[in-house]
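The values are calculated or read from the model by the stated rules, or taken from the named source; none is laboratory data. Source: prediction; values computed, not measured. Cβ: placed from backbone, ideal geometry, glycine included. Neighbour counts: every protein chain shown. With ligands, DNA and RNA removed, areas are computed over all heavy atoms of the protein, side chains included. Shrake-Rupley method; radii C 1.70, N 1.55, O 1.52, S 1.80 Å.
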Amino acid sequence: MEVMENLFDLFVRNVFTENMVFAYFLGMCSYLAVSKTVKTSVGLGIAVIFVITVTVPVNWLMENYLLKAGALKWLGSSFESVDLSFLSFLLFIAVIAAIVQLIEMVVEKAAPALYNALGIFLPLIAVNCAVLGAALFMQEREYGTIAEATVYGFGAGFGWALAIVILAAIREKLKYSNVPAPLRGLGLAFILTGLLAIAFMGFSGIKI
Amino acid sequence: MILMYMKNLKLLINPLNNENPITVQVLGICSALAVTVQMKPAIVMALSVMVVTAFSNLIISLGRNTIPPRIRIIIQLVVVAFLVIVVDQILKAFVYDVSKKLSVFVGLIITNCILMGRLEAFAMGNKPWESFLDGIGNGAGYGLILIALSTLRELLGSGSLLGHKVIPEGFYQLGYKDNGLMILPPMALITIGVIIWIQRSYNRKLIEE
């Protein structure tokens, strides 16, 4: 029971207080570029949730059975002192690129409708910093179990999707207002994100 | 000859203003915001990004005719990741405290969209020397915004520049206070929004419809 509570707490914390966009600025490029309409941002949001939830646990396995100091113990006692952690960037990004490619192929075969809806977003996700960022935070925070890593990944992805949908909704409404010309578009999107981030800071300190 | 020279100069100058990677091309924003609380990490980050963009542009441009288009993204990522590992190890060896402050953001240079953006848009179709200059130019444009942003945030947020106090003690006695909000993440976004506003009011052809 307590385990479930901890996992739920982890999820809520990563959606609200430690939101990928508002607290760490990860995945900002696609966040700003794709948030013009709600429809496309929902598509991208779902794709990101999906990819982060799959890649974080896989990278957790990599970290714990391949990269970390002493992680290669299962090969025999002579490997105990091997520390491959300097290779983590390379391995993480390779895993992410491979999984994105794999997901793309599976989705294309199994669910062509979804594939068409996600369109160009799937390949773009390989270079979305939120995905690699989640893997690196997972490494830095040293999650103990694969369940924690999975829940962390899902929470981080969900938080990112939430952020992009909120911004897209506001930007859709803003089309009808008279904004100073130099601020139109990008400038305003930044200021809006800043204000949203201040609002999200209100969640900090909440514990469930 | 002079024409060639002018063209190369343009590659260096354009990304500073008209095609600035951050404020115009919307590339590489994640790290630009997170590392700008103080000037020192921002400068180190700007230099690292400049080195990585320049050399990855060079390497990809050298191989642009042999890289099969279908797997080019993986190859680009591997080249970039290799360069980032080198930079990361150098930072850890020589400026350990700064590299601790930058935490995951050095690793995130790999997915910094400036890199993929310039590799795809420029290095895949241009000669090595031009690509190298384009990398330096875009790295410098990125660095320019990073330094402007971190100067503002450090000056207003903690009253210092590069770690040295610059606001005289007398000001504090008269009731001046450091603006703690400037250190927090949201103000980075708002400050960059204002920088874009200022840039576009001087450079009106950048205004969006």
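Restricting to the range B:29-86, what's the tally of residues that are free of Cβ contacts under 8 Å to residues at least 40 places away in the same chain, away from every other protein chain (no Cβ under 14 Å) and assigned to a helix (DSSP H, G or I)? The total comes to 1. Residues of the range A:172-195 that are in contact (Cβ under 8 Å) with a residue 60 or more places away in the chain and crowded, with 19+ Cβ neighbours inside 10 Å: A:Leu186, A:Ala189, A:Phe190, A:Thr193. Based on what the data block shows, is B:Asn20 open to solvent by less than 40 Å² (accessible area, probe 1.4 Å) and not aliphatic (A, V, I, L, M)? Yes.
Selection within the range A:164-195: residues that are part of a loop (DSSP other than H, G, I, E, B) and more than 8 Å from chain B (Cβ to nearest Cβ). The member of this set that is nearest to A:Val42 (Cα to Cα) is A:Lys175.
Highlighted here are the helices (runs of 4 or more DSSP H) found entirely within the range B:111-209 that include at least 3 residues which are more than 14 Å from chain A (Cβ to nearest Cβ): B:128-158, B:169-173.
Might you let me know whether the range B:83-106 holds any residue that is over 29 Å from A:Arg141 (Cα atoms), buried (at least 19 other Cβ atoms within 10 Å of the Cβ) and not small (Gly, Ala, Ser)? Looking for residues that are over 29 Å from A:Arg141 (Cα atoms), buried (at least 19 other Cβ atoms within 10 Å of the Cβ) and not small (Gly, Ala, Ser), one finds none in the range B:83-106, hence no.
Only residues that are open to solvent by less than 10 Å² (accessible area, probe 1.4 Å), assigned to a helix (DSSP H, G or I) and aliphatic (A, V, I, L, M) were counted in the range A:12-31, giving 4.
Taking the criterion of being buried (at least 22 other Cβ atoms within 10 Å of the Cβ) and of a type in the set (A, V, I, L, M), the residues of the range A:152-167 that qualify are A:Ala156, A:Ala161, A:Ala163, A:Ile164, A:Leu167. Inspection of the range B:96-108 identifies at least one residue that is part of a helix (DSSP H, G or I), away from every other protein chain (no Cβ under 11 Å) and among the aromatic types (Phe, Trp, Tyr). Checking each residue in the range A:79-89 for being open to solvent by 20 Å² or more (accessible area, probe 1.4 Å) and under 18 Å from the mean Cα position of the chain (by Cα) picks out only A:Phe89.
The residues listed here are B:Leu174, B:Leu206; of these, the one that is out of contact with any strand residue (DSSP E or B) (no Cβ under 9 Å at 6 or more places or on another chain) and loosely packed, with under 13 Cβ neighbours inside 10 Å is B:Leu174.
Of A:Ala69, A:Ala47, all but one fail to be out of contact with any Gly (no Cβ under 8 Å at 6 or more places or on another chain) and part of a loop (DSSP other than H, G, I, E, B); the exception is A:Ala69. Cβ-Cβ contacts under 7 Å between residues 6 or more apart (or on different chains), taken from a first residue in the range B:195-209 that is within 14 Å of A:Gly185 (Cα to Cα) to a second residue that is outside any helix (DSSP H, G or I) and among the polar types (S, T, N, Q), are listed as B:Ile195/B:Thr23; B:Ile196/B:Thr23; B:Gln199/B:Thr23. Evaluating B:Arg153 against the criteria (1) farther than 30 Å from B:Ser56 by Cβ; (2) crowded, with 22+ Cβ neighbours inside 10 Å; (3) of a type in the set (Lys, Arg) leaves one unmet condition, (1).
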